[in-house]
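Notes to accompany the following structure.
The values are calculated or read from the model by the stated rules, or taken from the named source; none is laboratory data. Quick caveat: nothing in here was measured; it's all calculated off a predicted structure. Cβ placement follows ideal geometry from the backbone for every residue including glycine, while neighbour counts extend to all protein chains displayed. Surface areas here come from the heavy atoms of the whole protein model, side chains and all, with no ligands, DNA or RNA. Shrake-Rupley method; radii C 1.70, N 1.55, O 1.52, S 1.80 Å.
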Amino acid sequence: MSDPHFAAYSFVDRIVEFVPGKRARATFAIPADVAAFPSAFVAEAVGQLAAWVSMDWIDFRGRPVAALATETRFHGETKPGQSLDLDVDILECDHEAVAYNGHASVGGRRIIELVDCLGPMLPVADFDAPEALRERLALLRDGGAAPGRFRGVDPIPVDVTHRVAGETLRGVLDVPSDAPFFADHFPRRPVFPATLLLDMKMRLAIDLARDAPAMNGATPRALRVTHVKMRSFIVPSQRLAIDVVLQPAQDGVVKAMLSAKTDERLVASARLEIAGGRK
């Protein structure tokens, strides 16, 4: 890939409806040849659409970062080759923050919902060139960008240092010093994507839950994630201590506490609810 900007971690191809400061609808074609497109990436796509609306509303003086999501509901999974329909409603937007709800669908079937999200605004020029963003939005609204530029994200290993089957897991994640997605997230200030970290923690929790008694041999699946909080930026080469703790099941639902720390300082946390699917 010659230029990863607007490709390596960008999930909006075409905006089909745009009401300034209020709402937008868009599409994203998941390339058929990527290995997977996790639910956390779908949530990222919805958040990116909200970012386009909010940046435009304040004339690209700021951009939302490290959103706090009260609740994200998972209704289904995506597959490579499918097309996402994205929809966001802006609740409030000013130079301080944007609040929004949103969802994504495939073929008319809703697969994810974001409820009461809040993205604090920071100066856009700290992260990207304002003029490049204006031009990109104009392209997205006028016919759209060529699909298929996303080439997936190479797996980033988590070194599991402690595990009690069906109960707890601890591991170490070394953030890469360099990766294509940093040029897209963001060109002027590389930041490890919060949704990429969330995806990793969710996968660890679901794998851990396979041995939870409540699963009874069924395949675990994510129901919803709540209380998602990013307390600081995660940067290249940073080392993270990952913790996953499963709580006793209630009504067949296992709750997982997810956290990431650096130097004993909490930088990210969330709560994931897991239920059993088909055996």
Inset, instruction - Could you check how many percent of all C-alpha pairs in the stretch 1-143 are farther apart than 18 Å? - result: 53 percent
Inset, instruction - Would you calculate, for the chain, the mean residue ellipticity at 222 nm contributed by helices, counting each DSSP H stretch of 4 or more residues as -39,500 (n - 2.57) and dividing by all residues, to the nearest 500? - result: -5500 deg cm²/dmol
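Within the chain, what's the longest stretch lacking GluC sites (Glu not before Pro) that sit in DSSP loops with no more than 11 other Cβ atoms inside 10 Å?
Values: sites that count: E96, E264.
Excluding the exposed sites themselves, the longest stretch runs over 97-263.
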Legend entry - Charge dipole (debye, nearest 20) of the stretch 1-134; +1 at Cβ of Lys and Arg, -1 at Cβ of Asp and Glu: 340 debye
Inset, instruction - Please name which of A194, A51, A212 has its Cα lying farthest along the dipole of the chain towards the positive end, using unit charges on Cβ (Lys, Arg +1; Asp, Glu -1) and the Cα centre as origin. - result: A212
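Using the heavy atoms of the protein chains and a 1.4 angstrom probe, tell me the accessible area per residue for the stretch 108-211 in square angstrom.
48 Å²
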Legend entry - Extension reserve of the Q250-R265 stretch, reckoned as 0.36 nm per residue once the Cα distance is removed: 2.4 nm
Inset, instruction - Pop out the Kirkwood hydrodynamic radius of the stretch 118-257 from its pairwise C-alpha distances, inverse of mean 1/r, in Å to one decimal. - result: 17.7 Å
Legend entry - Cross-link reach list, lysines versus K201, counting only Cα pairs under 16 Å and skipping chain neighbours closer than eight places: K229, K255, K261
Legend entry - Between helix 39-57 and the chain: long-axis angle, C-alpha atoms, 0 to 90°, nearest 10: 30 degrees
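About the Cα centre of the chain, how large is the charge dipole given +1 on each Lys and Arg Cβ and -1 on each Asp and Glu Cβ? Please answer in debye to the nearest 20. Don't skip to the answer; put the middle values down first.
On the way: 33 positive and 36 negative charges, 132 e Å.
That gives the chain a dipole magnitude of about 640 debye.
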Legend entry - Amide N of the stretch 1-42 lying under 18 Å from the label point, which is placed 7 angstrom from the Cα of A146 along Cα→Cβ: 1-15, 28-34
Legend entry - Among A69, A138, A268, residue whose mean-square fluctuation peaks in a GNM of the chain (springs only between Cα atoms under 10 Å): A138
Legend entry - Accessible-area composition of the chain, carbon plus sulfur, in percent [1.4 Å probe]: 48 percent
Legend entry - Helix 194-209 axis, angle to the chain major axis (alpha carbon atoms, nearest 10°): 20 degrees
Inset, instruction - Please report the relative contact order for the chain, taking Cα pairs under 8 Å with a sequence separation of at least 6, and give it as a percent rounded to a whole number. - result: 19 percent
Inset, instruction - Report, please, the projected area of the chain averaged over directions, based on the convex hull of its C-alpha atoms, in nm². - result: 14.1 nm²
Inset, instruction - Using the charge dipole of the chain (Lys, Arg: +1 at Cβ; Asp, Glu: -1 at Cβ; taken about the Cα centre), state which of L173, A249, G119 has its Cα farthest towards the positive end. - result: A249
Inset, instruction - Just order 219-225, 145-151 by mean Cβ neighbour count inside 10 Å, highest at the front, would you? - result: 219-225, 145-151
